[in-house]
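Engineer: This is the structure I want to talk about, given as structure tokens.
The values are calculated or read from the model by the stated rules, or taken from the named source; none is laboratory data. Just so we're clear, the structure is a prediction, and the values are computed from it rather than from any experiment. A quick note on method: Cβ atoms are made from the backbone with ideal geometry, for glycine too, and the neighbour counts reach across all protein chains shown. Calculation scope for accessible area: heavy atoms of the full protein, side chains included, ligands and nucleic acids excluded. Shrake-Rupley method; radii C 1.70, N 1.55, O 1.52, S 1.80 Å.
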Amino acid sequence: MNQERTKKEPRQITQHILEAQQNTQITRIRENIVQDSKMLLKSPSQRFAAIDNSASTTGPPLQVAKNFAEALNISLVSFWNSSCNTPLPLHQIEWRSTGKVNLSTPRSIFEPTNRVPSDASSFVFMTDGRVTHDIDQVQFFSTTSHLPSILVIFKDPSYFKKCPMVAQCNVSLLMPVFLAAQTAAVLVIGDSDSDRHARLIDAKGGWSKLLATPPVLNDDLRVIDCPIVTIERILELLSTVDFPSNPGTLMMDNGLNIDLKFLGSLRNGTEFLEIVPESALNELAWSFFTSGEIEQWRTMLKHWLFLADKVTTESVRAATLQSTRGVHSLLQLLTQANNDVEQNSLKKQLQKMVMEGSIQGDQARNEANQSTRSTRVIINAALASISVFDKSGVSSIQKGSLSNRCRRARVIDRDSIAAIASLNFLNSPHEEDLIMQESGHVALCLRRMENVEMNTNNDALVRSFQVGQENHNAVFEPTIVSSSIADRIDKLETSPLTRNDLSICLPIISLQSEFNRNAVKERLCLVFMNGLSMSHVWLIALGCILKTLETEQWAGPDEPTGRILQWFGCQIMKYVVLGAGSRFSPDLPRTINQALLSVYQTERMIVNYSIPEVSCILRLLQRFGDPGTISDESLRRSMLATIAASVPKRHRRWLLNIAEKKAVQDIEPSSRTALTSAIYEIDSNGVRVACHLVKDFESIFTPVYIDAIESFAQALNIHSKKLITPGLALVVAATLEHIINHQVKSSAAVKMVRKVNLLVGAEMDPMTAGRTTDEESLTILRQGQL
């Protein structure tokens with residue numbers, strides 16, 4: 001039987017907020033975000049319970065669950081284990097444990113069929129805790145996030161005689177549900193002689209204020225140290241709690257009911273931020289996380305922050321436009337000066353104009369920053385509230401605590417970074433600046449990026465070098481300025497030579513000292529990360545420098561910009577340290593150069609890294625590594641081995657794409673047809689009539705892989721066809737014969753092919769790659785010995 005709930009009067013805060021502002025745009029937004037509070041007064045229908053009845057619940061544990069469900073007056077019950085049955089009334093349930101051991105999963109409640117009734121008034125989730133789980137389950141429980149939720153671990157009463165710790169009960173299994181829910185309580189039952197008692201582990205939402213405060217959840221917390229809550233009290237909570245909110249909305253403590261879908265469509269959210277209290281940002285972040293849209297929320301917030309920055313930029317640009325035009329004109333006159341007197345006069349005018357522009361820019365920036373200050377504060381707070389999420393998970397005991405991979409990124413304040421004039425330029429190179437035309441210590445102008453999202457996502461953390469080479473990171477320009485005026489140029493926010501939007505000036509200084517490294521890192525983060533302090537910015541910057549030196553004519557070896565970028569890349573490789581646990585240095589802290597040398601020619605590099613990544617690593621070592629450490633021939637053999645190992649990996653990926661219907665044609669690179677055509681002549685009946693060596697990479701690799709191979713070949717000043725070896729044909733043939741199942745892992749596919757023949761294995765070894773002759777390869781192909 002469902003207990004009657006007393007309908008509460010609609011909260012008055014909605015009307016209060018709407019009356020507070022008369023602005024037409026704000027009113028329109030509020031009408032969409034703040035739902036009609038009468039919609040919240042739908043009548044409760046029934047309490048639904050999803051109860052674990054896997055084999056481990058046999059006997060007393062399941063009896064404890066039954067007693068609790070009956071005491072709660074549950075309306076409908078679904079049993080779940082490796083599958084989940086259709087909800088049935090409580091009195092029709094047969095209490096019997098079933099299901100296969102180690103296969104039970106809460107996901108079965110939601111897929112392939114969602115068993116949660118659409119008219120459920122509350123959600124009771126019960127398990128004995130002996131179930132494997134992962135944080136991704138929180139996405140499934142977004143289905144029940146709007147329902148008041150009772151989350152229960154049930155145990156055999158004898159289990160509690162040993163005074164177990166809360167952690168031993170595996171309450172972490174409940175955390176995905178707890179994190180998803182807006183109102184919830186976590187309970188452990190079975191430790192009392194009474195069937196009407198439970199231990200309170202945690203509570204959230206309105207219930208956190210109505211229940212006793214539980215102890216801090218840690219490894220040492222015992223179940224008996226948690227407060228007791230009675231069945232009567234739980235029933236009271238269920239009968240007085242706010243009614244379920246509408247799915248897809250979030251009810252805030254201040255009465256706002258926010259439509260998340262509409263919020264996600266806003267182009268500019270400053271009006272929205274004006275009506276949402278800062279205290280509600282964590283709830284908002286959880287809502288987007290549980291719906292699987294946390295990255296969209298992060299992107300939207302950063303866009304709003306960019307719009308706030310744009311206000312400042314446009315104000316500064318307008319205030320300094322005349323000064324910028326004057327500097328540009330004087331630069332043109334300076335190049336045409338007839339004598340030293342005229343040149344010195346123009347230089348003095350330049351200095352004065354740059355100074356005036358700097359002062360005007362400061363005034364405009366301060367005024368604009370003041371007008372957007374409140375917006376920036378709340379957007380940064382919102383970004384901080386979502387920084388705790390990462391696909392690597394949430395701690396199994398400390399819910400919501402940060403994992404090592406997703407430590408909160410500090411936001412760098414542009415106005416607080418170290419001035420270039422305060423940095424140590426000892427042992428730094430001298431070049432002639434383009435404004436004063438005098439030789440000395442210099443800085444480079446870096447243009448502003450419109451979008452940094454691709455630098456801060458999970459892919460960028462893994463593929464930092466490659467991401468740095470992508471077109472959106474082309475921030476360097478050939479504008480060299482003296483270190484004595486670089487701080488003033490910074491404030492102009494416009495390049496004096498190209499007149500591009502300027503992000504910041506990068507001082508060309510030695511990175512041997514920690515002070516200099518920190519100062520440069522902050523500036524790089526402002527450019528590449530929109531101010532988020534993230535250590536992989538060094539790798540992105542290094543990839544960007546590499547791409548610039550390889551492709552830009554003004555960054556050639558005989559050009560000033562090329563010389564200082566070459567020197568600066570060596571400084572990053574030599575002095576920047578990657579912490580233990582990083583991708584390239586998992587065991588010890590190492591400089592980037594040492595880290596890349598530690599993976600060079602290893603099994604990890606050949607088997608686990610892609611061709612684009614290996615190409616980048618080898619080019620970095622060749623250009624910025626210690627001179628004489630690695631020969632070009634050694635680098636070439638490393639690339640040959642990587643190319644050979646990539647053949648079975650790419651073919652296995654194609655098989656997987658076919659199985660998942662992501663690929664539908666058997667003609668694309670790495671497909672069976674493409675690989676066959678790479679080494680065999682096929683007649684009209686599909687019969688192999690002749691064999692030949694691999695002639696090009698088009699049938700084997702995608703354009704992205706081929707581009708990486710060609711970039712490596714250009715770095716060694718060789719033709720890319722020099723990287724096609726006779727032994728590669730044997731690798732292709734062995735792949736066709738032995739990699740026929742996508743279910744094998746990539747590394748296992750490499751090992752399978754490597755074992756087929758000694759010559760095939762030699763082709764995947766950086767010490768012996770490329771030594772197989774034409775005759776040896778063709779003989780084996782003709783004899784079909786693979």
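Engineer: Taking the residues in the stretch 128-167 that are in a strand (DSSP E or B) and either within 18 Å of P227 (Cα to Cα) or touching a Leu at 6+ places or on another chain (Cβ under 6 Å) (or both) as candidates, determine which candidate is modelled with the lowest pLDDT.
Structural biologist: Filtering the stretch 128-167 for residues that are in a strand (DSSP E or B) and either within 18 Å of P227 (Cα to Cα) or touching a Leu at 6+ places or on another chain (Cβ under 6 Å) (or both), the one modelled with the lowest pLDDT comes out as M165.
Engineer: If a residue has to be in a helix (DSSP H, G or I) and open to solvent by less than 60 Å² (accessible area, probe 1.4 Å) to count, how many in the stretch 755-786 make the cut?
Structural biologist: Selection size over the stretch 755-786: 10.
So that you can scan it fast, the table gives a plain yes or no per residue for (1) more than 29 Å from A519 (Cβ to Cβ); (2) buried (at least 21 other Cβ atoms within 10 Å of the Cβ):
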{"position": "K547", "(1), (2)": "no, yes"}
{"position": "R563", "(1), (2)": "no, no"}
{"position": "W567", "(1), (2)": "no, no"}
{"position": "C570", "(1), (2)": "no, no"}
{"position": "M573", "(1), (2)": "no, yes"}
{"position": "P589", "(1), (2)": "no, no"}
{"position": "T602", "(1), (2)": "yes, no"}
{"position": "I606", "(1), (2)": "yes, yes"}
{"position": "V614", "(1), (2)": "yes, yes"}
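Engineer: Any residue that is of a type in the set (S, T, Y) and closer than 23 Å to R619 by Cα - is there at least one of those in the stretch 570-584?
Structural biologist: So far as the stretch 570-584 goes, yes, one or more of its residues are of a type in the set (S, T, Y) and closer than 23 Å to R619 by Cα.
Engineer: Could you grab me the full set of residues in the stretch 624-637 that are closer than 15 Å to I572 by Cα and surrounded by 17 or more Cβ atoms within 10 Å (Cβ to Cβ)?
Structural biologist: Passing the criteria: F624, G625.
Engineer: Give the residue that is modelled with the lowest pLDDT, with candidates limited to residues of the stretch 400-425 that are open to solvent by less than 40 Å² (accessible area, probe 1.4 Å) and out of contact with any Ser or Thr (no Cβ under 7 Å at 6 or more places or on another chain).
Structural biologist: That would be G400.
Engineer: Further, regarding this structure: Kindly provide the set of residues from the stretch 94-108 that are modelled with pLDDT of 80 or more and closer than 18 Å to G59 by Cβ, ordered by number.
Structural biologist: Within the stretch 94-108, E94, W95, R96, S97, T98 meet the criteria.
Engineer: Does R28 satisfy being among the basic types (K, R), assigned to a loop (DSSP other than H, G, I, E, B) and at pLDDT below 50?
Structural biologist: Judged against the criteria, R28 is not a match.
Rundown of residues vs (1) surrounded by fewer than 22 Cβ atoms within 10 Å (Cβ to Cβ); (2) under 30 Å from G581 (Cα atoms); (3) more than 29 Å from the chain's Cα centre (by Cα), yes/no style:
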residue	(1), (2), (3)
N427	yes, no, yes
E431	yes, no, yes
M436	yes, no, yes
H441	yes, no, yes
C445	no, no, no
M449	yes, yes, no
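Engineer: Among the residues of the stretch 683-732, which ones are open to solvent by less than 80 Å² (accessible area, probe 1.4 Å), of a type in the set (D, E, K, R) and in a loop (DSSP other than H, G, I, E, B)?
Structural biologist: Answer for the stretch 683-732, where residues must be open to solvent by less than 80 Å² (accessible area, probe 1.4 Å), of a type in the set (D, E, K, R) and in a loop (DSSP other than H, G, I, E, B): D683, D696.
Table: residues versus (1) within 30 Å of K755 (Cβ to Cβ); (2) out of contact with any strand residue (DSSP E or B) (no Cβ under 7 Å at 6 or more places or on another chain).
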| site | (1), (2) |
| --- | --- |
| K574 | no, no |
| A595 | no, no |
| T602 | yes, yes |
| E613 | yes, yes |
| F624 | no, yes |
| G628 | no, yes |
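Engineer: Answer yes or no: is there a residue in the stretch 532-552 that is under 28 Å from the mean Cα position of the chain (by Cα), within 30 Å of V753 (Cα to Cα) and polar (S, T, N, Q).
Structural biologist: No; the residues of the stretch 532-552 include none that is under 28 Å from the mean Cα position of the chain (by Cα), within 30 Å of V753 (Cα to Cα) and polar (S, T, N, Q).
Engineer: Specify which of the listed residues (A690, A678, A715, A708) is farther than 29 Å from T602 by Cα and among the hydrophobic types (A, V, I, L, M, F, W, C).
Structural biologist: Among A690, A678, A715, A708, only A690 is farther than 29 Å from T602 by Cα and among the hydrophobic types (A, V, I, L, M, F, W, C).
Engineer: Out of R604, R637, R653, R623, report the one residue that is without any contact (Cβ under 8 Å) to a residue 40 or more places away in the chain and among the basic types (K, R).
Structural biologist: Residue meeting the stated conditions: R604.
Engineer: Determine whether I504 is of a type in the set (V, I, T) and either surrounded by fewer than 19 Cβ atoms within 10 Å (Cβ to Cβ) or modelled with pLDDT of 85 or more (or both).
Structural biologist: Considered against the rule, which asks whether it is of a type in the set (V, I, T) and either surrounded by fewer than 19 Cβ atoms within 10 Å (Cβ to Cβ) or modelled with pLDDT of 85 or more (or both), I504 comes out as yes.
Engineer: Kindly list, by first and then second residue, each pair from a residue in the stretch 195-219 that is over 21 Å from H146 (Cα atoms) and open to solvent by 50 Å² or more (accessible area, probe 1.4 Å) to a residue that is at pLDDT 90 or above and assigned to a loop (DSSP other than H, G, I, E, B), limited to pairs with Cβ atoms under 6 Å and residues at least 6 apart or on different chains.
Structural biologist: Close Cβ pairs (under 6 Å, with a partner that is at pLDDT 90 or above and assigned to a loop (DSSP other than H, G, I, E, B)) amount to A212/P227.
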